[in-house]
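Notes follow once the structure below has been shown.
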Amino acid sequence: MIRREHDRQVRRWMPHITLLYPFRPRSQFEVVASELRAACAAIEPFEVRLEEFREFRHGRDGYTIWLALEPREALVRLQAALQSAVPDCDDTARHAEGFTPHLSVGQVRGR
């Protein structure tokens with residue numbers, strides 16, 4: 001319901017956690033999938049909980065509303081392992097705070 005009302009990309013993207021960006025071309029999928037599979041082999045399975053709503057501020061009055069994910073540290077380790085396999089897909093980790101595990105639910109103007 002929240003995404004339907006507030007996420008301008010609701011029809012384009014299913015709910016997701018972006019671990020790597022940019023994406024590789026389809027022509028590289030088989031090679032990259034193998035590398036990502038190997039990177040994941042060292043990661044123990046874990047459950048993810050949606051903890052609380054937070055926001056990213058964009059410009060003066062724009063916000064992306066998102067759900068914080070726990071366990072944060074496990075998701076950060078997963079993202080780092082995946083990025084080590086494809087180091088050029090590092091946009092999600094280029095922010096001042098590094099990678100922030102999140103599930104976007106919408107965009108709004110004003111707090």
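Of note:
- Here Val10 passes the criteria (1) part of a loop (DSSP other than H, G, I, E, B); (2) in contact (Cβ under 8 Å) with a residue 24 or more places away in the chain; (3) within 21 Å of Val108 (Cβ to Cβ) except the one numbered (2).
- Listed by first and then second residue, the pairs linking a residue in the stretch 64-85 that is over 26 Å from Val10 (Cα atoms) to a residue that is surrounded by 15 or more Cβ atoms within 10 Å (Cβ to Cβ) and among the aromatic types (Phe, Trp, Tyr), with Cβ atoms under 9 Å apart and 6 or more places separating them unless they lie on different chains, are Ala80/Phe99; Gln83/Phe99.
- Scan of the stretch 78-111 for residues that are of a type in the set (A, V, I, L, M, F, W, C), open to solvent by less than 40 Å² (accessible area, probe 1.4 Å) and not in a loop (DSSP other than H, G, I, E, B), ordered by number: Leu78, Ala81, Leu82, Ala85, Ala93, Leu103, Val105
- Residues that are open to solvent by 80 Å² or more (accessible area, probe 1.4 Å) and outside any loop (DSSP other than H, G, I, E, B) within the stretch 37-51 comprise Arg37, Arg49, Leu50, Glu51, listed in sequence order.
- Those residues of the stretch 1-49 which are aliphatic (A, V, I, L, M) and over 17 Å from Leu78 (Cα atoms), in sequence order: Met1, Ile2, Val10, Met14, Val31
- Residue in the stretch 22-36 that is within 14 Å of the chain's Cα centre (by Cα), among the acidic types (Asp, Glu) and exposed (fewer than 13 other Cβ atoms within 10 Å of the Cβ) present: no
The values are calculated or read from the model by the stated rules, or taken from the named source; none is laboratory data. The structure displayed is predicted, hence computed values, not measured ones. Glycine gets a Cβ as well: all are built from the backbone with ideal geometry, and neighbour counts include every protein chain shown. Quick note on the areas: whole protein, heavy atoms, side chains included, nothing else; ligands and nucleic acids left out. Shrake-Rupley method; radii C 1.70, N 1.55, O 1.52, S 1.80 Å.
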